[in-house]
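The structure under discussion appears below in the form of structure tokens.
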Amino acid sequence: KNQVEQSPQSLIILEGKNCTLQCNYTVSPFSNLRWYKQDTGRGPVSLTIMTFSENTKSNGRYTATLDADTKQSSLHITASQLSDSASYICVVSVTYKLSFGAGTTVTVRA
Amino acid sequence: NAGVTQTPKFQVLKTGQSMTLQCAQDMNHEYMSWYRQDPGMGLRLIHYSVGAGITDQGEVPNGYNVSRSTTEDFPLRLLSAAPSQTSVYFCASIKTGSTDTQYFGPGTRLTVL
């Protein structure tokens, strides 16, 4: 069973709307939790990195939260843009060992 | 900096052929790794290296070899290609610290017939 589960698998939102992606993990303890954005045909790009003691981390319109007690993280996208259409991947790491979720595919429609 | 570069971008092999996927980084990162990405699954670690001359197996190492003779280069060798190795392969590097940013290459799409 994957140690990092993401939901939903995919979602469609209208341009300008907000959305929240979920990540549940069983990896414990861990060094940090990361969110990546992967455009079609490209490699993943880092959005946020949070240690286990951090609750929230922002990068522009992207805000990640972490609840280490419930082993849950979320990525909130504010005022979505067409360029936000991509796969978003949650990653939990223990030093250099990274466990990847399968990703959530976000499609932003005009 | 060019970041992490990978060649080739696309490759088609016949079953049983061998080939090497190239990966290079110019950021002086110590840690490099190879992943494969299959539809509906998260990236899976094939092999990794924590420095020149040091390599180790990841989650799915069978059928692949690596070497790290320099800090910059980390090639992945397919010994005898099989259809199950059809996938997109990503090379990544990270400096050293646990909160350092990990950088990925653009990927190599491999098809084994």
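The values are calculated or read from the model by the stated rules, or taken from the named source; none is laboratory data. All figures in this text were calculated on a predicted structure; none of them were measured in a lab. Cβ: placed from backbone, ideal geometry, glycine included. Neighbour counts: every protein chain shown. Ligands, DNA and RNA are excluded from the accessible area calculation, which covers all protein heavy atoms including side chains. Shrake-Rupley method; radii C 1.70, N 1.55, O 1.52, S 1.80 Å.
Values computed for the structure shown
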| read-out | value |
| --- | --- |
| Residue satisfying condition, being within 12 Å of the chain's Cα centre (by Cα) and more than 25 Å from residue A:105 (Cα to Cα), within set B:80, B:87, B:67, B:93 | B:67 |
| Within the range A:69-83, tally of residues that are touching a Phe, Trp or Tyr at 6+ places or on another chain (Cβ under 9 Å) and either open to solvent by less than 10 Å² (accessible area, probe 1.4 Å) or part of a strand (DSSP E or B) (or both) | 5 |
| Filter result (within 22 Å of residue A:24 (Cβ to Cβ) and over 14 Å from the mean Cα position of the chain (by Cα)) within the range A:56-88 | A:68, A:69, A:70 |
| Residues within the range A:5-63 that are surrounded by fewer than 17 Cβ atoms within 10 Å (Cβ to Cβ), in contact (Cβ under 8 Å) with a residue 24 or more places away in the chain and not in a strand (DSSP E or B), tallied | 11 |
| Restricting the range B:91-113 to residues that are polar (S, T, N, Q) and in a loop (DSSP other than H, G, I, E, B), the residue that is modelled with the lowest pLDDT | B:98 |
| Check on residue A:109, surrounded by fewer than 20 Cβ atoms within 10 Å (Cβ to Cβ), in contact with an Asp or Glu (Cβ under 7 Å, 6 or more places away or on another chain) and of a type in the set (Lys, Arg) | yes |
| Where residue A:98 falls short, out of the listed (1) more than 9 Å from chain B (Cβ to nearest Cβ); (2) at pLDDT below 95 | (1) |
| Filter pass, residue A:89 being touching a residue at least 60 places away in the same chain (Cβ under 8 Å), more than 14 Å from chain B (Cβ to nearest Cβ) and either hydroxyl-bearing (Ser, Thr, Tyr) or part of a strand (DSSP E or B) (or both) | no |
| Failed item in (1) more than 23 Å from residue A:100 (Cα to Cα); (2) open to solvent by 50 Å² or more (accessible area, probe 1.4 Å), with residue B:82 passing the rest | (2) |
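Yes/no matrix, rows are residues, columns are (1) at pLDDT 95 or above; (2) open to solvent by 70 Å² or more (accessible area, probe 1.4 Å); (3) in a strand (DSSP E or B):
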{"residue": "B:21", "(1), (2), (3)": "yes, no, yes"}
{"residue": "B:28", "(1), (2), (3)": "no, yes, no"}
{"residue": "B:42", "(1), (2), (3)": "no, no, no"}
{"residue": "B:46", "(1), (2), (3)": "yes, no, yes"}
{"residue": "B:50", "(1), (2), (3)": "no, no, yes"}
{"residue": "B:56", "(1), (2), (3)": "no, yes, yes"}
{"residue": "B:61", "(1), (2), (3)": "yes, no, no"}
{"residue": "B:70", "(1), (2), (3)": "yes, no, no"}
